[in-house]
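Values quoted throughout were computed directly from the atomic coordinates according to the rules given, and no laboratory measurement underlies them. Just so it is clear, the model here is predicted, and its values are computed rather than measured. Reconstructed Cβ throughout: ideal geometry from the backbone, glycine too, with neighbour counts over all protein chains shown.
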Amino acid sequence: MKESGTISIHSENIFPIIKKFLYSDHEIFLRELVANAVDATQKLKRLSALGEIPDDIGDDLKIEVEFDKKKKTITIKDKGIGMTAEEIKKYINQIAFSGAEEFLEKYKDKGEEQQIIGFFGLGFYSAFMVADKVEIITKSYQKGAAAAHWECDGSTGFTIKPAKRKDRGTDVILHIAKDSEEFLDEFRLKGILDKHCKFLPVEIKFGTKDEYVPDGKDKDGKEKTKKVTVDNIINNTRPLWVKPPSELKDEDYLAFYKDLYPFAEDPLFWIHLNVDYPFNLTGVLYFPRIKKDIEIQRNKIQLYSRQVFITDEVKDVVPEFLQLLHGVIDSPDIPLNVSRSFLQSDSNVKKINGYITKKVADKLAGLFKNDRQAYEAKWDDIGLFVKYGMISEEKFYEKAKDFALFKNLEGKYFTLEEYKKKVEKTQTDKDKNVVYLYATEPAKQDTFIRSVKNKGYDVLVFDSIIDSHFINLLEERLEKVQLKRVDADTADKLIDKDDKVDSVLGEDDEKKVKEVFEKAIADPNMTVNVASLPVDEMPVVITMSEFMRRMKDMAATGGGGFPMMGGMPDQYNVTVNANHPITQKILAAKTAKKKETLAKQAFDLALLSQDMLSGNKLSEFIERSVKIIAK
């Protein structure tokens, strides 16, 4: 008997439904409908395991996704629990009524919980984002149940009538709207299935494919093959992260990584997550070779809920610095909005966030403790990650301070505590501050490095994109410690021990030298001063103050400091060595022009030694040098 009626929309459910239709990407409809089919299949397995289905449910429970370009339809077929006409009215016609939720409540005390993904009533209606008519042809597993045919054109009206169907299960048929015909394309549908359904726990068939299988031997004894057509199963129903670690070898983890990221280098190491209290969480997180690159590595962690892909934007679940990791997280306890398209923060998310941070810190601490040499070999790859974590997470800093490393120019590694003990005797200034010297580009800063090494000082390497922020953190955290770049000042001023070097020039002569250099340089961004430095130092040293350079570096990386400094011209200090023979020669020159020429030459020599001379200035310098040599 044919029956007509009106779909029941409860006022308290209208708002979630409105949100449901606010998808930014309409492709989600396929994920929702396939997930519903998986739920129907998982319910059937659960009932069979509980002995509530006396008949054998069979081994072939695969879900099929089909499309027909001529008829403009997409069909999702399952061999699951099916529905009666009354259940259609209950689960489909009353929007936002959760069949999955009711099922779990009914059977929650009967053995291990089966994987039920979603909320059938809401997910089902995502079909109308792409279809102007939807049909359901279904038959319940229950003895004597009659098949039913439901049809709706997207309005609140529907029809339901008896159907001809022999086997248990459900077919959902979408009649694709004109503005959504892009989905009637094999590669488009395959792409959606690969993205959202790649690891669902029930086999999903999408068409067929050809394979070559053994076919005996030929007359010469060689193996023969033949081409056969087989089901194209698009998913791995038991991905690596659902297996116990005891079953897995390193090759398995590496193979899975290559499956997720085909073009990536092998990871450094990984963490297998598996916790069932106080929340449920499984997954595998890999440490990639991130080196100095930070931006392009983001959004590499994939979030799943019961093996359904949700998103790769995991900022609410994973702390920001851990987003540099790769891998998979799967948790049914992560709250999702009805579209599963973004996460909401709640207590479970915060617990998961904290748990992952702890597991990562424990893994790194274990590697450092158990095999320091191997850990040091990985430091150039993981150093950026560890520093990022220390900057952004207080709790991570407290753990990481024991396994974070400094690397010096000789390639030796030290913990924070070890390094302070190494340099505090030689690098403590007159105010009792221990000064750590560092280089960002050792090749360009070689002149300054040589100067400080002549004094017996050690130099660290800080050359990653976030080191300007990390340096600030260290000065905040480490008591009586300062960090200075080797080219922030002359060597005697970097670590001021109040050791005086007598000047061979009087006050008047120093003033004359200053005036000569100011005229020769003629640059308002260069501040000239004359200082008594050791004779073996350069005649001219060009520096930028630690404060000024650090603020500019931080502005350039978009962090703290003053953003406006990024656009300001560079300000340099030009220190003329009063005790250098060239300075004496400049003073002794007989003409102002000669003095200026020599001063310019000394200044250009400083620019050249610091890799600051290029273009026209370099050409002019070479030309003047050739003339001087010729004389």
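Within a straight-line Cα-Cα reach of under 18 Å, residue 514 can be paired with the following lysines, leaving aside sequence neighbours fewer than 8 residues apart in one chain: 585, 590, 593, 594, 595, 600. Within region 22-76, the trypsin sites (Lys or Arg not before Pro) that combine a DSSP coil assignment with at most 10 other C-beta atoms in a 10 angstrom radius are 70. Take every DSSP beta bridge whose two residues both sit in region 404-494; close to 40 percent of them are antiparallel.
Taking a sphere under 11 Å around the Cβ of residue 146 and counting the other residues whose Cβ falls inside, with K and R at +1 and D and E at -1, yields a net charge of +3. Taking every C-alpha pair closer than 8 Å and separated by at least 6 residues, the mean separation divided by the residue count of region 164-248 gives a relative contact order of 27 percent. Loop-located GluC sites (Glu not before Pro) in region 453-505 (DSSP state not H, G, I, E or B) with no more than 12 neighbouring Cβ atoms inside 10 Å: 479.
When a/c is below 1.5 the answer is rounded, else prolate if a/b is larger than b/c, else oblate, so apply that to region 116-227 with a ≥ b ≥ c taken from the square roots of the Cα gyration tensor eigenvalues. Judged from the Cα gyration tensor, region 116-227 comes out prolate (a/c at least 1.5, a/b above b/c). In this simple spin-label approximation, residue 220 and residue 508 carry label points 7 Å from Cα along the Cα→Cβ vector, and these lie 10.5 nm apart. Listed by chain and number, the aspartates and glutamates whose C-alpha is less than 17 Å from the C-alpha of residue 500, apart from same-chain residues fewer than 8 away, are 429, 431, 489, 492, 510, 536, 537. Shape of region 218-308 from the C-alpha gyration tensor: prolate (a/c of 1.5 or more and a/b above b/c, with a ≥ b ≥ c the square roots of its eigenvalues). The lysines whose alpha-carbon is closer than 17 Å to the alpha-carbon of residue 552, local same-chain residues fewer than 8 away aside, are 484. Per-residue Karplus couplings for region 309-314, computed as 6.51 cos²θ - 1.76 cosθ + 1.60 with θ equal to phi - 60°, are listed in order as 5, 10, 6, 10, 9, 10 Hz, Gly and Pro entered as x.
Using only the Cα atoms of region 442-491, build the gyration tensor, take square roots of its eigenvalues as a ≥ b ≥ c, and label the shape rounded, prolate or oblate: rounded if a/c is under 1.5, else prolate if a/b is larger than b/c, else oblate. The shape class here is oblate.
Take every pair of alpha-carbon atoms less than 8 Å apart whose residues are at least six positions apart; their mean separation over the length of region 404-494 yields a relative contact order of 32 percent.
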